Amino acid sequence: TSSSVGLAMSIEIKGAAELQRTLAQIGAGTAKEAGRALKQEAHVIHGVAFRRTPKDTGNLRDGLKVLDVEYGANEISVKIVAGDIAPYALAVHENLNKGVQWSVPGTGPKYLENPVLEAASDWTERLA
(Lines give C-alpha, C1' and ligand atoms only; values in the text may rest on other atoms or scores of the structure.)
Protein backbone atom coordinates (compact mmCIF):
# COMPACT_ATOMS: atom_id res chain seq x y z
CA THR A 1 0.00 0.00 0.00
CA SER A 2 1.11 3.52 -0.53
CA SER A 3 0.33 6.55 1.55
CA SER A 4 0.33 10.20 0.72
CA VAL A 5 2.48 12.23 3.06
CA GLY A 6 1.25 15.77 3.50
CA LEU A 7 4.43 17.31 4.87
CA ALA A 8 8.06 16.26 4.80
CA MET A 9 11.24 17.91 5.96
CA SER A 10 14.56 16.34 5.17
CA ILE A 11 17.98 16.68 6.66
CA GLU A 12 20.78 16.27 4.16
CA ILE A 13 24.53 16.38 4.39
CA LYS A 14 25.52 18.90 1.74
CA GLY A 15 28.85 19.12 -0.06
CA ALA A 16 28.24 15.72 -1.57
CA ALA A 17 31.25 15.61 -3.88
CA GLU A 18 33.63 16.41 -1.03
CA LEU A 19 31.80 14.00 1.24
CA GLN A 20 32.01 11.20 -1.30
CA ARG A 21 35.74 11.73 -1.79
CA THR A 22 36.33 11.76 1.95
CA LEU A 23 34.24 8.65 2.50
CA ALA A 24 36.08 6.84 -0.28
CA GLN A 25 39.38 7.67 1.41
CA ILE A 26 38.37 6.59 4.91
CA GLY A 27 36.08 3.68 4.14
CA ALA A 28 32.47 2.85 3.37
CA GLY A 29 31.63 2.19 7.02
CA THR A 30 31.92 5.90 7.67
CA ALA A 31 28.92 6.60 5.46
CA LYS A 32 26.86 4.30 7.68
CA GLU A 33 28.16 6.09 10.77
CA ALA A 34 27.25 9.45 9.22
CA GLY A 35 23.80 8.06 8.46
CA ARG A 36 23.36 6.88 12.05
CA ALA A 37 24.41 10.32 13.36
CA LEU A 38 22.01 11.99 10.96
CA LYS A 39 19.14 9.73 12.04
CA GLN A 40 19.94 10.42 15.70
CA GLU A 41 19.77 14.15 14.95
CA ALA A 42 16.43 13.60 13.19
CA HIS A 43 15.06 11.87 16.31
CA VAL A 44 16.09 14.85 18.48
CA ILE A 45 14.33 17.22 16.06
CA HIS A 46 11.32 14.89 16.00
CA GLY A 47 11.05 15.15 19.79
CA VAL A 48 11.04 18.95 19.67
CA ALA A 49 8.56 18.95 16.78
CA PHE A 50 6.30 16.49 18.61
CA ARG A 51 6.06 18.80 21.64
CA ARG A 52 5.29 21.79 19.38
CA THR A 53 2.70 19.98 17.27
CA PRO A 54 -0.88 21.08 18.02
CA LYS A 55 -2.97 18.37 19.63
CA ASP A 56 -6.67 17.78 19.26
CA THR A 57 -7.24 14.10 18.45
CA GLY A 58 -3.53 13.22 18.57
CA ASN A 59 -3.43 12.16 14.91
CA LEU A 60 -1.19 15.06 13.92
CA ARG A 61 1.41 14.15 16.53
CA ASP A 62 1.08 10.43 15.85
CA GLY A 63 1.74 11.12 12.16
CA LEU A 64 5.20 12.57 12.80
CA LYS A 65 7.73 9.93 11.74
CA VAL A 66 11.47 9.68 11.17
CA LEU A 67 12.09 7.62 8.04
CA ASP A 68 15.10 5.44 7.27
CA VAL A 69 18.36 6.97 6.12
CA GLU A 70 18.76 7.16 2.35
CA TYR A 71 22.19 6.83 0.79
CA GLY A 72 22.32 8.40 -2.66
CA ALA A 73 25.17 8.97 -5.05
CA ASN A 74 25.45 12.58 -3.94
CA GLU A 75 23.85 12.74 -0.52
CA ILE A 76 22.95 11.09 2.72
CA SER A 77 19.51 12.10 3.94
CA VAL A 78 16.77 11.30 6.39
CA LYS A 79 13.25 12.69 6.34
CA ILE A 80 10.91 13.63 9.13
CA VAL A 81 7.38 13.43 7.78
CA ALA A 82 3.89 14.29 8.96
CA GLY A 83 0.49 13.69 7.48
CA ASP A 84 0.16 9.98 6.79
CA ILE A 85 -2.78 9.75 9.21
CA ALA A 86 -3.56 13.48 9.33
CA PRO A 87 -3.93 14.78 5.76
CA TYR A 88 -4.51 18.27 7.19
CA ALA A 89 -0.91 18.40 8.54
CA LEU A 90 0.28 20.89 5.93
CA ALA A 91 -2.71 23.18 6.47
CA VAL A 92 -2.04 23.26 10.23
CA HIS A 93 1.71 23.68 9.73
CA GLU A 94 1.20 26.72 7.50
CA ASN A 95 -1.66 28.34 9.48
CA LEU A 96 -0.12 31.65 10.55
CA ASN A 97 -3.49 33.17 11.49
CA LYS A 98 -2.82 35.10 14.71
CA GLY A 99 -6.43 34.58 15.82
CA VAL A 100 -6.12 30.81 16.19
CA GLN A 101 -6.28 29.62 19.79
CA TRP A 102 -4.13 26.47 19.85
CA SER A 103 -5.47 23.97 22.39
CA VAL A 104 -2.05 23.23 23.89
CA PRO A 105 0.16 26.20 24.88
CA GLY A 106 3.49 26.32 23.04
CA THR A 107 2.14 24.55 19.96
CA GLY A 108 1.15 25.98 16.61
CA PRO A 109 2.25 26.55 13.05
CA LYS A 110 5.69 25.69 11.71
CA TYR A 111 5.88 22.89 14.29
CA LEU A 112 8.27 20.91 12.09
CA GLU A 113 10.05 23.59 10.09
CA ASN A 114 11.16 25.69 13.08
CA PRO A 115 12.86 22.82 14.96
CA VAL A 116 14.73 21.89 11.76
CA LEU A 117 15.90 25.47 11.25
CA GLU A 118 16.89 25.81 14.90
CA ALA A 119 18.93 22.60 14.77
CA ALA A 120 20.62 23.64 11.52
CA SER A 121 22.51 26.44 13.24
CA ASP A 122 25.12 24.07 14.67
CA TRP A 123 24.75 20.79 12.76
CA THR A 124 28.35 20.67 11.68
CA GLU A 125 29.56 20.64 15.30
CA ARG A 126 27.05 18.02 16.44
CA LEU A 127 27.41 15.75 13.41
CA ALA A 128 31.22 15.89 13.31
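The values are calculated or read from the model by the stated rules, or taken from the named source; none is laboratory data. All figures in this text were calculated on a predicted structure; none of them were measured in a lab. Cβ: placed from backbone, ideal geometry, glycine included. Neighbour counts: every protein chain shown. The protein model used for the area step is the full one, side chains on, heavy atoms only, and it has no ligands, DNA or RNA in it. Shrake-Rupley method; radii C 1.70, N 1.55, O 1.52, S 1.80 Å.
Quick one: would you say ALA82 is modelled with pLDDT under 90, under 16 Å from the mean Cα position of the chain (by Cα) and among the aliphatic types (A, V, I, L, M)? So ALA82 fits the description; yes. With modelled with pLDDT of 90 or more and under 15 Å from the mean Cα position of the chain (by Cα) as the only criterion, which of PRO105, PRO115 stands out? Step by step, each of PRO105, PRO115 is checked, and only PRO115 is modelled with pLDDT of 90 or more and under 15 Å from the mean Cα position of the chain (by Cα). Count of the range 38-56 residues, restricted to those that are open to solvent by 30 Å² or more (accessible area, probe 1.4 Å) and part of a helix (DSSP H, G or I), is 9.
Contact annotation: residue pairs with Cβ atoms under 6 Å, 6 or more positions apart or on different chains, pairing a residue in the range 86-102 that is part of a loop (DSSP other than H, G, I, E, B) with a partner that is open to solvent by less than 80 Å² (accessible area, probe 1.4 Å), are ALA86/ASN59; ALA86/LEU60; ALA86/GLY63; PRO87/GLY6; ASN95/PRO109; LEU96/PRO109; TRP102/PRO54; TRP102/GLY108.
In the range 85-102, of all residues being surrounded by 15 or more Cβ atoms within 10 Å (Cβ to Cβ), of a type in the set (A, V, I, L, M, F, W, C) and within 18 Å of the chain's Cα centre (by Cα), the one that is farthest from THR57 (Cα to Cα) corresponds to LEU90. One residue is enough: does the range 57-79 have a residue meeting the conditions assigned to a loop (DSSP other than H, G, I, E, B), without any contact (Cβ under 8 Å) to a residue 24 or more places away in the chain, surrounded by 12 or more Cβ atoms within 10 Å (Cβ to Cβ) and of a type outside the set (Gly, Ala, Ser)? Yes, the conditions are met somewhere in the range 57-79.
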